[in-house]
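Sharing a structure, written as C-alpha cells. Questions coming.
The values are calculated or read from the model by the stated rules, or taken from the named source; none is laboratory data. Computed from a prediction, not measured in an experiment: that's the story for all the values here. When we count neighbours, we look across all protein chains shown, and the Cβ atoms used for this are built from the backbone with ideal geometry, even at glycine. Areas reflect the complete protein model, heavy atoms only, side chains present, ligands, DNA and RNA absent. Shrake-Rupley method; radii C 1.70, N 1.55, O 1.52, S 1.80 Å.
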Amino acid sequence: MTATAFVLDNTRPLTVAEAPDITLYLADEITPLWEVTDSALTEGGVAPPYWAFAWPGSRAFALLLRDDPAIVAGKRVLDVASGCGLAALVAARAGAAAVSANDIDPHALTAIRLAAELNGLVVNLLEGDLTDWPPERVTAEVVLIGDVCYEFDTANRFKDWLKALARLGKAVYLADPSRKFGPVADGSASGFEPVVTYSLETSLDLETTVVKQTTIWRACRD
C-alpha cells in the first residue's frame, strides 16, 4: 500500500479547536489505526502513527501564532518533527515567506502534503533526522519543534541542536507539554526561557491526564 493510500484509508479531514481554519488528516478513532499499524509493522512497512494525532505541542504553536503571527510573518520557517503538520500549516496561513515541515516518517510527510493541498497552502517537505545536520545548514529564520522530550537521549540531542541554532541568531521555539525530559522536568531550564503556557484539553487515550500544561520555550542566544 502506498503512503498516500494508507493515510487516506486510515484518517479523515478534521480540525482542532486551536486552529479551526486548518484541516488535517487525523485519526478520529485511536485503536483501529494502531491495530492497522501493528499489522503493517509485522509486515515490515509502517512506523507507529504518531503523525495521525494533533499533540499538545503543535496545538500550543497554533495558539501562539494565532495570537502573535508576527513571529513567522514574512520569515522562513522550519517545523521539526512536524507530525500531522499543524504548526507548519498554521505558520503558512499566518503569512510565513516559506515553510518547511520535517519528520522521520514518510507517512507524516504524506499526511502533511495532503493537508497542505487541501488547505491551499505551500509547505516544503524534509525527511530525516535534522539533528544530523550541522546548524549552519538550516536556512530558516524561525524554528518550531514540539513534543520531542520523551526520552533522555533524544531530548538532550534536540535541545543541544536547538541551542546551537539559537546561537546562530535564529528564533527557536520548543513546545513541551511537561514531558519527563523537557526543560522544566529535567530540573534545568538553562538555555531556554519560557514564552507562554497553555492548559490544553487532552484525551486519556493518548495522555495520562485530561489537561496538559504546555509551555512554549525560546532557546536563548547566549
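I need a count of the residues in the range 123-162 that are basic (Lys, Arg) and open to solvent by less than 50 Å² (accessible area, probe 1.4 Å).
1
Looking at the range 121-177, which of its residues are farther than 25 Å from residue 200 by Cβ and among the aromatic types (Phe, Trp, Tyr)?
133, 161, listed by residue number.
Here's something else I'd like to know. Of the numbered conditions (1) modelled with pLDDT of 95 or more; (2) over 18 Å from residue 130 (Cβ atoms); (3) assigned to a helix (DSSP H, G or I), residue 23 satisfies every one except a single condition; which is it?
(3)
Would you confirm whether or not the range 38-53 contains a residue that is over 30 Å from residue 196 (Cα atoms) and either at pLDDT 90 or above or part of a strand (DSSP E or B) (or both)?
no
Looking only at the range 69-122, which residues are in contact with an Asp or Glu (Cβ under 8 Å, 6 or more places away or on another chain), over 27 Å from residue 10 (Cα atoms) and either acidic (Asp, Glu) or open to solvent by less than 50 Å² (accessible area, probe 1.4 Å) (or both)?
Hit for the range 69-122 is 77, nothing else.
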